[in-house]
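Before any comments, here is the structure.
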Amino acid sequence: MICGRMSSRPNISFMAIICLSTIFGCSVKKYIPENEQLYTGSKLKLETETSIVDIKQISSELNELLRPEPNSKFLGIRIGLWAHYKKEKSGFINRFLNKKIGEKPVYFSAINIEKTSDLILNRLENRGFFFSSVSSEVNRDEQFTSVDYVAKVSAPYTLLEYKIEIDSLPIYQQIRSMIEESTLDSASRFDLNSLKEERERIDKSLKKQGYYNFNSEYLIFEADTNLSDSARKFNLFLRLKKDVPEKSIVPYKITRINVFPNYSINETAEKLDTTIIEAKNFIQGNLVFKPELLNDYIQIEKGQNYDPNLSSLSTNRLSSIGNYKFVNLRYDELEIGDSLGNLEANFFLSPMTRRSLRAELLGVSKSNNFAGPALNLTFRNRNIFKGGETFNLSTRFGYEFQIGGGDRSNLKSFEYGVKGELILPRVIFFVPIKEKLSYSVPKTKISLGFEYLSRGGLFRLNTFSTNYGYFWNTNSWIYHELNPISINLVNQTQTSPEFEDILDQNTFLKRSFEKNFIVGVNYLFNYNRLIDQTKQHGVFIGTELDVAGNSLNGLSNLTNSESGKLLGLEYAQYAKVDLDLRYYFRPVEEHIIATRFLAGVGIPIGNSLSLPYIKQFFSGGPNSVRAFRIRSIGPGSYQPDQTSTSSFFDQSGDIRLEGNVEYRFPIFSFLKGALFMDAGNIWLWNENEALPGGKFSKDWTNELAVGTGVGLRVDVQFFVIRFDVATPLRYPYLIEGERWSSTWDISSKTWRRENLNFNFAIGYPF
């Protein structure tokens, strides 16, 4: 089917919507009882005497009072109401539609205009707009009715003076010092929300000073608006309520600290032993966690005033060790003589299961028609040295074979890998370092790994890797990772004559395999505000810097070694930067418009012509441009001469640009839907004659691959199973002027085979 035939579709779609609207509208009308009218909603208009800074926020709050909500519409059609009415007719489909999307009718008889007007006036008075007025008008149209409200908003009352009546109690002196830091000033409008926030601010400040039993409800505001010499001004007075409990107005201090590193309801007191370190009692039977190490995670000290912030930081740090399933802090009041204000802090720590084994069976499919199973096994041992350390041992077995025939239908690939990783919940450096981060515990990670790859008689590749670094959170949304030591040694063995011919024809590919010694430093920073599902806007910023070869280049110069080599080994030298930007917009609950922008550039330095193969960028696949197979796009406008199953390597580059937008919406229960569009490509930093059109240039926008599609997600909270089907809209490797897709024939088996790409994955793409 050609584009010319598609040009009439918008008109057809428009007419279809009009017809559906008419059909559903008529169907709804005939079900409305004779003595009822369907409520279609209300509008509120504000008329103000003066300029109001936060008028949009106030308007939004007042509009929330217009209840109930009318029946929802989709493209002008009340489908939910129609489904509800249709339930009266027999049939499984009618009952199913009513259960999933049906809405009970909202009739005008359920609307209380007088009550809504009073609520609007009350909210305006709470905001400081006294002596306002509200009028209403009812609009009737056959069997449909709406209401228009007009609120005439008066000039607000503003603050003249804010003070507290001083009493002999010491707590009044504390409160007076806190009032001096208040945000309330002469420009502040009378506002109950602001007064509530002020009470909570003072309450938090008092608790930080040790007032353990204080409550914001003990504070009361009194406003005086009877000022003869000032129009629309008021004085604000703060005081304590009468009969406030005595224990709420005295500060508490920490008198005793108990820590139970192996807390269990089955543990008997007779077996417990106590170790005292820095006035903290560590109580456990058998040694589970070394007290001298556990002590560093606790921020509160004996003799300190109670501080909820330090309490929260202590539990956060203990939880971030990764060794405990539950971390509970409970305070008990102590009666020492006749004095008040003594607390006992009890930390109850319940360990996780020490050892675990996890297995994953995967199915792998690649753009070069390689497919096969893979098995991942991970053994974890927590608290291995009784200091919160975690040891992970993971192995991977993978077998791939080339399917679909072609010039070489017997290619096989075998992959094996093993990696050991030790994570210590503290900073391990050449000299002792006392970490100062209070939110969480910085961790040290040491890893050592080996990978073996055999590609069907063409070549064998052995890769050794080791890393030494640190990772930590400065708060709940900022994450850092620094690896000052990152070493990869790649050893290519047993190359076949056929493979040597391939390398001789592609200098860049040959050099990327020869640069087999990578020593560098990398740093990762993530700012993640996507995790709060209640926020309408969410942002994620991820950056990564990877620099390699500089230290080896210096040693090479000092030892007068051959350029680009050290001790006879060729090393890679490059600088690489990655950027990952994401923005989520939630217009309504469970509906998300998710966007992502990826940018990356790797600059070869010295004798390096391109990045090492394992450091290069790829495009295409279930987490990239989904209309194209994994790692099958680019570089630039390049297309392999052989598109059959005889391709040996994934297409890669030194530069990446990619953008994605996806609309996610609920279907029912745990089934979600998605509409998406992706665009992107990769390019080379230097010209490569073997990959014509692969170098980055000013015409890069004309070389973007574009695709669109739909998807289903099975979201059961703990994990997400994703099915996506996508089709290319733009092919970067075709002749300019012919890159945009011009055909659409979903009924053709040949077209579907060539233009539809199915993706199956775990988790969301971004």
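The values are calculated or read from the model by the stated rules, or taken from the named source; none is laboratory data. It should be emphasised that the depicted structure is a prediction, and the values quoted were computed from it without experimental measurement. Here the Cβ positions follow ideal geometry from the backbone for every residue, glycine too, while neighbour counts run over all protein chains shown. Calculation scope for accessible area: heavy atoms of the full protein, side chains included, ligands and nucleic acids excluded. Shrake-Rupley method; radii C 1.70, N 1.55, O 1.52, S 1.80 Å.
Rounded to the nearest 500, what is the chain's calculated 222 nm mean residue ellipticity when only DSSP H runs of at least 4 contribute -39500 (n - 2.57) each, over all residues?
The per-residue figure over the chain is -5500 deg cm²/dmol.
Compute the distance in nm between two label points, each set 7 Å from the Cα along the Cα-to-Cβ direction, one at I485 and one at D118.
Here the answer is 7.5 nm between the modelled labels.
What longest region of the chain stays clear of trypsin sites (Lys or Arg not before Pro) that DSSP places outside H, G, I, E and B and that have at most 10 other Cβ atoms within 10 Å?
On the way: sites that count: K30, K89, K241, K242, K434, K436, K698.
Answer - 437-697.
With only Lys, Arg, Asp and Glu charged, each at its Cβ (+1 for the first two, -1 for the last two), find how big the charge dipole of the chain is about the Cα centre; round to the nearest 20 debye.
Computed about the Cα centre, the dipole is about 1940 debye.
In the range 108-166, which GluC sites (Glu not before Pro) are in a loop and have at most 14 other Cβ atoms within 10 Å, using DSSP for the loop call?
Passing sites in the range 108-166 are E142, E165.
Checking the cross-link filter: which lysines have an alpha carbon closer than 18 Å to that of K233, excluding same-chain neighbours under 8 positions apart?
Answer for K233, where 18 Å is the Cα cut-off: K163, listed by chain and number.
Could you please report the charge total around K290, scoring K, R as +1 and D, E as -1 over all other residues with beta-carbon less than 12 angstrom from its beta-carbon? List each step's numbers first, then the result.
Numbers: positive: K386, R426; negative: E292, D296, E389.
Overall, the nearby charge balance is -1.
Scale the Cα Rg of the range 538-615 by the rule-of-thumb value 2.2 N^0.38 Å and send over the ratio, two decimals.
Ratio of Rg to 2.2 N^0.38 Å for the range 538-615: 1.71.
Pull out a ≥ b ≥ c, the square roots of the eigenvalues of the alpha-carbon gyration tensor of the range 670-763, then state rounded if a/c is under 1.5, prolate if not and a/b is larger than b/c, and oblate in the remaining case. Can you show the working numbers first?
Numbers: a/c = 2.87, a/b = 1.62, b/c = 1.77.
Taking the square roots of the gyration eigenvalues as a ≥ b ≥ c, the range 670-763 is oblate.
Can you say what percent of the DSSP beta bridges in the range 244-343, counting only those with both residues inside, are antiparallel? Round to 5.
65
Please state the shape class of the range 164-242: rounded when a/c is under 1.5, otherwise prolate if a/b exceeds b/c and oblate if not, all from the C-alpha gyration tensor.
prolate
Take every Cα-Cα pair in the range 118-251 and report what % of them are more than 18 Å apart.
Result: 63 percent of Cα pairs exceed 18 Å.
Using the Cα gyration tensor of the chain, with a ≥ b ≥ c the square roots of its eigenvalues, what is the shape: rounded (a/c below 1.5), prolate (a/b larger than b/c) or oblate (neither)?
Working: a/c = 2.17, a/b = 1.21, b/c = 1.79.
Oblate, since a/c reaches 1.5 and b/c is not below a/b.
Convert each backbone phi in the range 295-303 into a coupling constant with the Karplus relation 6.51 cos²θ - 1.76 cosθ + 1.60 (shift: θ = phi - 60°), then list the ³J(HN,Hα) values in order as whole Hz, x for Gly and Pro.
So the J values, rounded to whole Hz, are 4, 5, 8, 9, 8, 7, 10, 5, x.
Before anything else, pin down the relative contact order of the chain: Cα pairs under 8 Å, at least 6 apart, normalised by residue count, whole percent.
6
Measure up K45/K73; K43/K115; K253/K290; K204/K535; K152/K535; K615/K695 against 21 Å on the Cα-Cα distance and list the ones that go over.
Numbers: K45/K73 23 Å; K43/K115 16 Å; K253/K290 27 Å; K204/K535 24 Å; K152/K535 32 Å; K615/K695 17 Å.
Long pairs (Cα-Cα over 21 Å): K45/K73; K253/K290; K204/K535; K152/K535.
For the range 202-241 and the range 296-331, what is the separation of their Cα centres, given in Å?
Between the Cα centre of the range 202-241 and that of the range 296-331, the gap is 32 Å.
Just the number please: accessible area per residue for the range 663-766, 1.4 Å probe, all protein chains included, in Å².
56
For the range 77-202, what relative contact order do you get, as a whole percent, if you take Cα pairs closer than 8 Å and at least 6 residues apart?
19
Return the aspartates and glutamates within reach of K445: Cα separation strictly under 17 angstrom, same-chain partners fewer than 8 residues apart disregarded; answer none if there are no such residues.
E389, E421, E435, E481
Accessible area of W700, 1.4 Å probe, to the nearest 10 Å²?
Probe radius 1.4 Å; accessible area of W700 about 80 Å².
First select every other residue whose beta carbon is under 10 angstrom from the beta carbon of L545; then total the charges, Lys and Arg +1, Asp and Glu -1.
So the surrounding residues net to -2.
How large a share of the accessible area of the chain, in percent, is made up of carbon and sulfur atoms when the probe is 1.4 Å and the other protein chains stay in place?
55
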